[in-house]
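Report on the following structure.
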């Protein structure tokens, strides 16, 4: 699937941004990726709310093989083939996929920014580096003071 085909396919959904990703394209709206177009097909973002719809259509989750195993990615499911011919219903599925992506974004917490206090505590917790002082005998001290 090329870029122009994908733009036409999602026309009823609304404007989408298409970026190169892996061996295909990532499709996003409002800055949130909700679909993948790969050699294996077109996959929409899914979660516990939308996965039953994909299962009812006989779709399968995205998967790929490594040398050691086959990896199943349950967060992206194959678009049912019949939706390629029904742009209005495809738009509904795309909206559900965008909603699933938004829910997933809410679940992931942003990284905690370290406060000035916590940074200061960490610095104090570090052991100070001991400086070694050369001790000089009385005779050498007397010689140095001259």
(request) Starting from the range 73-101, keep only residues that are touching a residue at least 12 places away in the same chain (Cβ under 8 Å) and at positive phi, then list their pairs with residues that are in a helix (DSSP H, G or I) and surrounded by 15 or more Cβ atoms within 10 Å (Cβ to Cβ) whose Cβ atoms are within a distance under 8 Å, requiring at least 6 positions of separation or different chains. (result) none
(message) Tell me yes or no: at least one residue of the range 72-84 is assigned to a loop (DSSP other than H, G, I, E, B) and out of contact with any strand residue (DSSP E or B) (no Cβ under 9 Å at 6 or more places or on another chain).
(response) yes
(request) State which residue is farthest from residue 17 (Cα to Cα) when the search covers only the range 35-56 and only residues that are free of Cβ contacts under 8 Å to residues at least 40 places away in the same chain and loosely packed, with under 13 Cβ neighbours inside 10 Å. (result) 56
(request) Would you point out which residue out of 23, 65, 59 is buried (at least 17 other Cβ atoms within 10 Å of the Cβ) and in contact with a strand residue (DSSP E or B) (Cβ under 9 Å, 6 or more places away or on another chain)? (result) 59
(request) Could you tell me whether residue 92 is surrounded by 13 or more Cβ atoms within 10 Å (Cβ to Cβ) and in a helix (DSSP H, G or I)? (result) yes
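Where a number appears in this text, it was derived from the coordinates with a stated rule and is not lab data. Source: prediction; values computed, not measured. Here the Cβ is made from the backbone with ideal geometry for all residues, glycine too, and neighbour counts use every protein chain on show.
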